[in-house]
Amino acid sequence: MLLVLPVLAIVLYPPVLNRLIDKGLALIKRDRLERPFTGKAITVAALFSTASWIIAGLQVFLILTGLGNEARIDTYILTVGGYALAWVVGFLVFFIPAGVGVRELALGATLAGLVPGGDVVVVVLLSRILFTVADLLLGLGASFQMRRDARSIT
């Protein structure tokens, strides 16, 4: 993972990112970007990603403490870091849909020394189930909203 960070930092540098996107769009015969990405836009997106990982780590932490594990700040920090790592690993293993299994393995490995093995299995499976349900509900909600908006236009 640490080897990927310098590459990602270079790719996220706005002039490099915009050039790569424009080359990719040209490759698929699409128009160039209307407005290139700015450092501010990339920073705001990164902050939102960080906030989502903090909240996802809270979900894992709440499941852990709900199973009777001790609620400590270092445990919370580990769950946030573990979830962020798991998300990134699942993203990098792009050939497996939604990183199924890979993400759980990474999160489980992070928690392995902290809690009993049975709790690790419950946490990673329940977390995946809860996120899947949330994805489905949010997707359905967005779909209904889009249909409602389309009807109000006509």
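Here is how the numbers come out for the structure above:
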{"item": "Residue within the range 80-91 that is within 18 Å of the chain's Cα centre (by Cα) and exposed (fewer than 13 other Cβ atoms within 10 Å of the Cβ) present", "result": "yes"}
{"item": "Residues of the range 90-113 satisfying the condition of being touching an Asp or Glu at 6+ places or on another chain (Cβ under 9 Å) and either under 11 Å from residue 79 (Cα atoms) or part of a loop (DSSP other than H, G, I, E, B) (or both)", "result": "111"}
{"item": "Residue that is assigned to a helix (DSSP H, G or I), modelled with pLDDT of 90 or more and under 27 Å from residue 4 (Cα atoms), where the choices are 79, 132", "result": "79"}
{"item": "Breaking point among (1) buried (at least 17 other Cβ atoms within 10 Å of the Cβ); (2) on the phi < 0 side of the Ramachandran plot, for residue 99", "result": "(2)"}
{"item": "Which numbered condition residue 130 fails, given (1) within 15 Å of residue 86 (Cα to Cα); (2) in contact (Cβ under 8 Å) with a residue 60 or more places away in the chain", "result": "(1)"}
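The values are calculated or read from the model by the stated rules, or taken from the named source; none is laboratory data. In this text, all values refer to a predicted model and were calculated from it rather than measured experimentally. Neighbour counts run over all protein chains shown; Cβ positions are idealised from the backbone, glycine included.
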